[in-house]
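Visitor: To start, I am sharing the structure in question, which I have written as structure tokens.
The values are calculated or read from the model by the stated rules, or taken from the named source; none is laboratory data. Since the model is a prediction, treat every value here as computed from it, not as a measurement. Please note: Cβ atoms are built from the backbone with ideal geometry, for glycine as well, and neighbour counts cover all protein chains shown.
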Amino acid sequence: EPEVTQTPSHQVTQMGQEVILRCVPISNHLYFYWYRQILGQKVEFLVSFYNNEISEKSEIFDDQFSVERPDGSNFTLKIRSTKLEDSAMYFCASRPWAGKNYEQYFGPGTRLTVT
Amino acid sequence: AQSVSQHNHHVILSEAASLELGCNYSYGGTVNLFWYVQYPGQHLQLLLKYFSGDPLVKGIKGFEAEFIKSKFSFNLRKPSVQWSDTAEYFCAVNPSLNYGGSQGNLIFGKGTKLSVKP
């Protein structure tokens, strides 16, 4: 069964550094998402992406964040200058079609630790 | 703002006990409802979903959930839990696209950790 994959599984970085989290969505899917989960808190929506552009973003997704689909298979989340509070589990998700009934398929997550 | 409440933070049960996890949401229009499960060290997996029709939905692994519109609830149930059900369970909501909903972003509850004692 096709799966969403994410790399790396764990990323440690110093405050102020740039990080890129990578996701490979399921190949025929059209919508892509990033969520994050700070330890002990709920999963929060960051951004959705469709047709090569951001379709929606949350308040969390400020100018420090960007997303890209550089080559038709990868979907990346970049944090330009990481802060301690960016430490979290980041989940990528994708869904197959634009109809109103859908489900999202989640990747295993990347644990980002900012020191 | 739309929100999802899961009232139980941690539930501890013995094997064969019955399970009910509460989920309430705050949104007045049509919603799509989901329960996801996260086993230790694994990713979020869909247990079941409700879009329309029969408010009692059956999912994988013997789980079911009932949508009660008047109570804004979508509680998860299982008649007899197993040790392998130990996991964290997340309720999630998405307002229907036909009612001004977004392009699918899910609003999650805080999750309920279920521990099943063998």
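Visitor: Do any strands (runs of 3 or more DSSP E) lying entirely in segment B:19-118 carry at least 1 residues that are closer than 27 Å to A:Arg111 by Cβ, and which ones are they?
Guide: B:19-21, B:31-38, B:45-50, B:73-78, B:87-95, B:112-117
Visitor: Next question. Tell me the residue from A:Ile79, A:Ile54 that is within 11 Å of chain B (Cβ to nearest Cβ) and more than 20 Å from B:Phe108 (Cα to Cα), please. Step through it out loud before you land on a result.
Guide: Working: A:Ile79 fails: within 11 Å of chain B (Cβ to nearest Cβ).
Result: A:Ile54 is the single residue among A:Ile79, A:Ile54 that is within 11 Å of chain B (Cβ to nearest Cβ) and more than 20 Å from B:Phe108 (Cα to Cα).
Visitor: Taking B:Pro40 as the residue in question, decide whether it is at pLDDT 95 or above and surrounded by fewer than 20 Cβ atoms within 10 Å (Cβ to Cβ). Give the derivation first.
Guide: Numbers: at pLDDT 95 or above: no; surrounded by fewer than 20 Cβ atoms within 10 Å (Cβ to Cβ): yes.
Judged against the criteria, B:Pro40 is not a match.
Visitor: Can you find, within segment A:12-32, the residue that is farthest from the other protein chains (Cβ to nearest Cβ) among those that are modelled with pLDDT of 95 or more and in a strand (DSSP E or B)?
Guide: Here the residue is A:Thr13.
Visitor: Here's something else I'd like to know. Confirm whether B:Glu64 is acidic (Asp, Glu) and either within 25 Å of A:Ile38 (Cα to Cα) or within 12 Å of chain A (Cβ to nearest Cβ) (or both).
Guide: In short, no.
Visitor: When you check B:Leu21 against the structure, is it in contact with a strand residue (DSSP E or B) (Cβ under 6 Å, 6 or more places away or on another chain), crowded, with 20+ Cβ neighbours inside 10 Å and among the hydrophobic types (A, V, I, L, M, F, W, C), yes or no?
Guide: yes
Visitor: Given the structure, is B:Ser14 touching a residue at least 60 places away in the same chain (Cβ under 8 Å) and more than 14 Å from chain A (Cβ to nearest Cβ)?
Guide: The answer is yes for B:Ser14.
Visitor: Now for a different question. When A:Gln41 is evaluated against the numbered criteria (1) closer than 26 Å to B:Lys113 by Cα; (2) touching a Cys at 6+ places or on another chain (Cβ under 6 Å), which criterion, by number, is the only one it fails?
Guide: Condition (2) is where A:Gln41 drops out.
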